[in-house]
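To keep things clear, I will list the structure first and then write my remarks on it.
The values are calculated or read from the model by the stated rules, or taken from the named source; none is laboratory data. What you are looking at is a predicted structure, and each value in this text was computed from that prediction instead of being measured. Heads up, the Cβs are rebuilt from the backbone with ideal geometry, glycines too, and the neighbour counts pull from every protein chain shown. In case anyone asks, the SASA skips ligands and DNA or RNA and just uses the protein heavy atoms, side chains included. Shrake-Rupley method; radii C 1.70, N 1.55, O 1.52, S 1.80 Å.
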Amino acid sequence: MKTFERAFVAINRWILILLLAAMSVIVFTNVVMRYTTHESLEWAEEVSRHMMIWLTFLGAGLVLRYGGHIAVENLQDALPRRGGVVMRAVVAVLLLAFFGFMVWYGWLYMQRTLFQLTAVTQIPFAYIYAAMPIGGILLIVHGAFIARRYVLGREFAADEHFDANASASL
């Protein structure tokens with residue numbers, strides 16, 4: 001299971017890296033073209049916006065995994081240890097339920113937009129909105145990997161690539 005988890009995280013990271021790199025190249029190229037040739041790529045803004053949507057949904061699971069999402073922890077800090085464990089268990093169940101809701105309604109939204117085309121690239125909006133159910137599935141998987149440690153000890157995943165506490169203090 002640890003091998004699967006490491007591969008899963010690595011693949012998720014590399015997809016995000018490639019999406020961000022491609023988006024950066026597209027936007028940079030468009031800006032350079034606009035100022036040097038007074039022409040621009042018609043599709044650059046639309047494609048970069050859609051890539052940002054995918055980055056957001058695909059990256060949310062990794063941020064959850066490392067405890068990088070905003071949280072209000074005052075109540076669980078005020079409770080005794082057992083009460084904090086119960087509260088974190090309730091939070092974990094509610095999060096997983098919400099992620100399931102994302103997957104279900106994202107799927108329905110995709111079906112509704114299958115024949116609606118984007119303005120410039122003329123691709124179905126369903127391809128863009130597919131980020132929601134796929135991101136929800138990634139959130140469920142990442143959440144399942146950290147749920148036990150989070151509930152019992154308020155611990156998140158940690159590695160040399162990301163430190164949520166350091167990121168939050170910026």
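Net charge in the neighbourhood of Gly59 (other residues with Cβ under 11 Å of its Cβ; Lys, Arg +1, Asp, Glu -1) is +2.
In sequence order, region 102-108 has phi-based couplings of 4, 5, 4, 6, x, 5, 4 Hz under the Karplus curve 6.51 cos²θ - 1.76 cosθ + 1.60, θ = phi - 60°, and Gly or Pro positions carry x.
For Arg13, the accessible area of its heavy atoms, probed at 1.4 Å with every protein chain present, is near 50 square angstrom. Taking the protein heavy atoms of the chain in the context of the full set of protein chains, the accessible area attributed to carbon and sulfur is 69 percent at 1.4 Å. Simple spin-label estimate for Val120 and Leu96 gives 4.2 nm between the two label positions (7 Å along the Cα-to-Cβ direction from each Cα). Across region 131-138, coupling constants 3J(HN,Hα) worked out from phi with the 6.51/-1.76/1.60 Karplus curve, θ = phi - 60°, read 4, 5, x, 5, x, x, 5, 4 Hz, and Gly and Pro carry x.
Per DSSP helix of 4 or more residues, -39500 (n - 2.57); summed, then divided by the residues of the chain. What does that give at 222 nm, rounded to the nearest 500? Don't skip to the end; give the middle numbers.
On the way: 7 runs with 128 residues, N = 170.
The helix-only estimate for the chain comes to -25500 deg cm²/dmol at 222 nm.
Taking a ≥ b ≥ c as the square roots of the eigenvalues of the alpha-carbon gyration tensor, region 1-130 is classed prolate because a/c is 1.5 or more and a/b outweighs b/c.
For Val120, no residue whose modelled amide H falls within less than 5 Å of its own remains once neighbours fewer than 5 places apart on the same chain are excluded. Normalised per residue, the accessible area of the chain is 66 Å², obtained with a 1.4 Å probe and no contribution from ligands, DNA or RNA.
Judged by the mean number of other Cβ atoms found within 10 Å, the most tightly packed of the peptides 61-73, 106-118 leads the ranking 61-73, 106-118. Distance between the C-alpha centers of region 134-148 and region 38-76? Whole Å please. Result: 16 Å between the Cα centres.
Under a 1.4 angstrom probe, counting protein chains only, how are Glu46, Glu155 ranked by accessible area, largest first?
Values: Glu46 15, Glu155 95 Å².
Highest to lowest solvent-accessible surface, that is Glu155, Glu46.
Sorting Arg82, Arg6 on solvent-accessible area from highest to lowest, probe radius 1.4 Å, gives Arg82, Arg6.
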